[in-house]
Amino acid sequence: MKQTSSKNHSVDQSNPVYHDTYRLLKSYRDAVWNLELEVQHVKREFEIEYESSIDDFLESIYLAGADLNGSKLENYAKSIERSNQMLSLLNSAVEILRNKHKFGEQYYWILYYTYLSPQQLQNADEIIDKLRPHIANISYRTYYRKRPQAIEALSGILWGYTARNCLHIVNQFFPDN
């Protein structure tokens, strides 16, 4: 079980919730890119097939009262919507982390330059250079210590605080009778 720790905080990196968040962050850039490509693909395919823009077509369908249930267009729209909702959920969680967590601003910038920025930085040197204006005296040790803490804090927002190490606190508030 790999753990990182600071003075008062340890991160259990073997926790599946940590890995779910880590995997989500690692795939964020690809998901955004694929979503943008899929939207462009659907628009092009639609314009070729229907000789109209999607917006114009949807407006005419709406005015005519037609139903698109079960159509190829509806399936594309649902797929794009699911991907968009997932990205929106992650973006909302990152904003909550940034605005509400006691280390939110630092964690935000660490996550942004490590996983969320449109262009992936090449290595830790580049990430730390980008972090310097946002985090005073950032070092490699600080970066590598705070990165898993930022992921764990984001995990708490995305999946809820269900860690086993918090169970004793919950039991104090809600004892079994």
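For the stretch 90-143, how many residues meet the condition of being in a loop (DSSP other than H, G, I, E, B), over 19 Å from Ser27 (Cα atoms) and among the small types (Gly, Ala, Ser)? It would help to see each step written out before you state the result.
Looking only at the stretch 90-143, we keep the residues that are in a loop (DSSP other than H, G, I, E, B), and these are 101-103, 117-123, 132-139.
Cutting the leftovers down to over 19 Å from Ser27 (Cα atoms) gives us 101-103, 132-139.
Applying the additional criterion that residues be among the small types (Gly, Ala, Ser) yields 136, 139.
Qualifying residue count for the region: 2.
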Can you find, within the stretch 126-163, the residue that is nearest to Ile110 (Cα to Cα) among those that are among the hydroxyl-bearing types (Ser, Thr, Tyr) and at pLDDT below 95? Ser155
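Each row is one residue, and each column tells you yes or no for (1) farther than 30 Å from Arg147 by Cβ; (2) modelled with pLDDT of 80 or more; (3) surrounded by 15 or more Cβ atoms within 10 Å (Cβ to Cβ); (4) of a type outside the set (A, V, I, L, M, F, W, C).
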residue	(1), (2), (3), (4)
Ser27	no, yes, no, yes
Asp30	no, yes, no, yes
Leu35	no, yes, yes, no
Ile48	yes, yes, no, no
Ser52	yes, no, no, yes
Ala66	yes, no, no, no
Gly70	yes, no, no, yes
Ser88	no, yes, no, yes
Lys102	no, yes, no, yes
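The values are calculated or read from the model by the stated rules, or taken from the named source; none is laboratory data. As the structure is a computational prediction, the values presented were derived from the model and not from experiment. Cβ coordinates were reconstructed from backbone atoms using ideal geometry, including for glycine residues, and neighbour counts include every protein chain displayed.
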